[in-house]
């Protein structure tokens, strides 16, 4: 394992000052590979913090293109990029932010079969998607491939954050919302940028903590926020013995 | 019997289950999760889960926005 060069010591100097960090820990981040699915209000913030911290390989998946209504909260994109693929704009911006990391792009909505193929090569999955079917497919693939999942969601004034190792029998996304068909999108329910940013920041923080093996990751718990009332809390999940994903397969 | 539902106090006149209580509140619908005392109650337990004095019931709606 090579030592950090002076420019890297300077770039990462603030995070290296933390007592839980050292050059070996920074090398752990360089050696990590994270799949970020969805590059909207959550994914654009998450990707920026992970790229900035020096997570060595980012895999970005989104089939969407930048639209004007994205710009108040999707901080990676500019007005000049409306109509372009989000993954391409994100890669350009993140590479400018940190040219040391490798970024791969997948301009598509990943199917369950594609996720199953992709997951064995990543350390962590960050679900930043905007629809129930993607979320449940990601949960299922993370169960099968035994890859940890940190899932964020934000609509209206509500934020939810779920950290899962669904193969451990502590419950999964499917146990939590077994009959979930779909929910209103941000365009239908409204959203204010900082609310989704707040969830994304927690998601990025937990992701870095997981990769560094520091702190307390609330696996098997749901964190919730109400941005209007300023309330938050944490619930413990329980496996549903009837769950078709994580219980009945065993 | 006194319980809390979504931060509001409720008085139950007779013992009841979570499923019956949610139905009485017109809340038995798809895409929700329910926690009692900060523990999520799996859907398959709603019919058998009886409510106890002092239970704090919270209902969460699934959200997908990203």
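The values are calculated or read from the model by the stated rules, or taken from the named source; none is laboratory data. What you see is a predicted model; the values in this text were computed from it and never measured. Note: ideal-geometry Cβ built from the backbone for every residue, glycine included; neighbour counts use all protein chains shown.
So that you can scan it fast, the table gives a plain yes or no per residue for (1) more than 10 Å from chain B (Cβ to nearest Cβ); (2) surrounded by 16 or more Cβ atoms within 10 Å (Cβ to Cβ); (3) under 18 Å from residue A:134 (Cα atoms):
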{"residue": "A:178", "(1), (2), (3)": "no, yes, yes"}
{"residue": "A:181", "(1), (2), (3)": "no, no, yes"}
{"residue": "A:195", "(1), (2), (3)": "no, yes, no"}
{"residue": "A:201", "(1), (2), (3)": "yes, yes, no"}
{"residue": "A:207", "(1), (2), (3)": "yes, yes, no"}
{"residue": "A:210", "(1), (2), (3)": "yes, yes, no"}
{"residue": "A:214", "(1), (2), (3)": "yes, no, no"}
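A single entry from B:33, B:64 fulfils the requirement of being closer than 27 Å to residue A:188 by Cα, buried (at least 19 other Cβ atoms within 10 Å of the Cβ), in contact with a helix residue (DSSP H, G or I) (Cβ under 9 Å, 6 or more places away or on another chain) and modelled with pLDDT under 95: B:64. Restricting segment A:166-176 to residues that are touching a strand residue (DSSP E or B) at 6+ places or on another chain (Cβ under 9 Å) and part of a loop (DSSP other than H, G, I, E, B), the residue that is nearest to the other protein chains (Cβ to nearest Cβ) is A:171.
Per-residue answers, yes or no, for (1) assigned to a helix (DSSP H, G or I); (2) at pLDDT below 95; (3) touching a strand residue (DSSP E or B) at 6+ places or on another chain (Cβ under 8 Å); (4) buried (at least 19 other Cβ atoms within 10 Å of the Cβ):
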{"site": "A:96", "(1), (2), (3), (4)": "yes, no, no, no"}
{"site": "A:104", "(1), (2), (3), (4)": "no, no, yes, no"}
{"site": "A:134", "(1), (2), (3), (4)": "yes, no, yes, yes"}
{"site": "A:143", "(1), (2), (3), (4)": "yes, no, no, yes"}
{"site": "A:151", "(1), (2), (3), (4)": "no, no, yes, yes"}
{"site": "A:154", "(1), (2), (3), (4)": "no, no, yes, yes"}
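The condition of being crowded, with 23+ Cβ neighbours inside 10 Å and at pLDDT 95 or above holds for only one of A:10, A:35, that being A:35.
Considering segment A:55-71, the residues that are farther than 23 Å from residue A:205 by Cβ and touching a strand residue (DSSP E or B) at 6+ places or on another chain (Cβ under 9 Å) include one that is surrounded by the fewest Cβ atoms within 10 Å (Cβ to Cβ), namely A:63.
Per-residue answers, yes or no, for (1) in contact with a helix residue (DSSP H, G or I) (Cβ under 6 Å, 6 or more places away or on another chain); (2) away from every other protein chain (no Cβ under 14 Å); (3) closer than 18 Å to residue A:63 by Cα:
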residue: A:84; (1), (2), (3): no, yes, yes
residue: A:96; (1), (2), (3): no, yes, no
residue: A:100; (1), (2), (3): no, yes, no
residue: A:126; (1), (2), (3): yes, no, yes
residue: A:133; (1), (2), (3): no, no, yes
residue: A:138; (1), (2), (3): no, no, yes
residue: A:145; (1), (2), (3): yes, yes, no
residue: A:148; (1), (2), (3): no, yes, no
residue: A:155; (1), (2), (3): yes, no, no
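Residue count for segment B:1-36 satisfying the condition of being within 14 Å of another protein chain (Cβ to nearest Cβ), under 10 Å from the mean Cα position of the chain (by Cα) and in a loop (DSSP other than H, G, I, E, B): 3.
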